[in-house]
Amino acid sequence: MNHDPLSLFNELFDRARSLEGPLYNAAALATVSADSRPSVRMVLIKSADERGFVFFTNLRSRKARELGANSRAALCFWWPRLETQVRAEGNVKPVDETEADEYFATRPRESRIGAWA
């Protein structure tokens, strides 16, 4: 059994990609507001590497504001066909601007227009 958490996660992530369908990378992201109110929503995880789990968000969104005020967050993946869930907790920090811009450029035009609106 693999004891490296990141390697183990990536093995599960690859299995989920083949078994769980198009939203295999969906995870519940929990944050806390400045007045200690919890909030959870689904995000799409793009990758997991030595930095942690990578997702993108509008920097003006509620989640971005909450993470700006309190960088602690939690993620939970649920893969029913694998009968597995993965939980992670830790500090969130922004990816660099170049990586965010490169990701944004890969989104379909309609999606980019929706994000601008």
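The values are calculated or read from the model by the stated rules, or taken from the named source; none is laboratory data. Keep in mind the model is a prediction, meaning the values are calculated, not measured. Positions of Cβ are generated from backbone atoms using ideal geometry, with glycine treated the same way; all protein chains shown enter the neighbour counts. In case anyone asks, the SASA skips ligands and DNA or RNA and just uses the protein heavy atoms, side chains included. Shrake-Rupley method; radii C 1.70, N 1.55, O 1.52, S 1.80 Å.
Considering only protein heavy atoms and a probe of 1.4 Å, how much of the accessible area of the chain is carbon and sulfur, as a whole percent?
Numbers: 4350 of 8240 Å².
Answer for the chain is 53 percent, counting heavy atoms of protein chains only.
What number comes out for accessible area per residue over the chain if the probe is 1.4 Å? Units Å², please.
Details: 8240 Å² over 117 residues.
Here the per-residue accessible area is 70 Å².
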Estimated inter-spin distance, Asp49 and Thr106, nm [label 7 Å along Cα→Cβ]: 1.1
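For the chain, just run the numbers: alpha carbon Rg, then divide by 2.2 N^0.38 Å, N being how many residues it has.
Numbers: Rg = 15.0 Å, N = 117, 2.2 N^0.38 = 13.4 Å.
Here the Cα radius of gyration is 1.12 times the empirical estimate.
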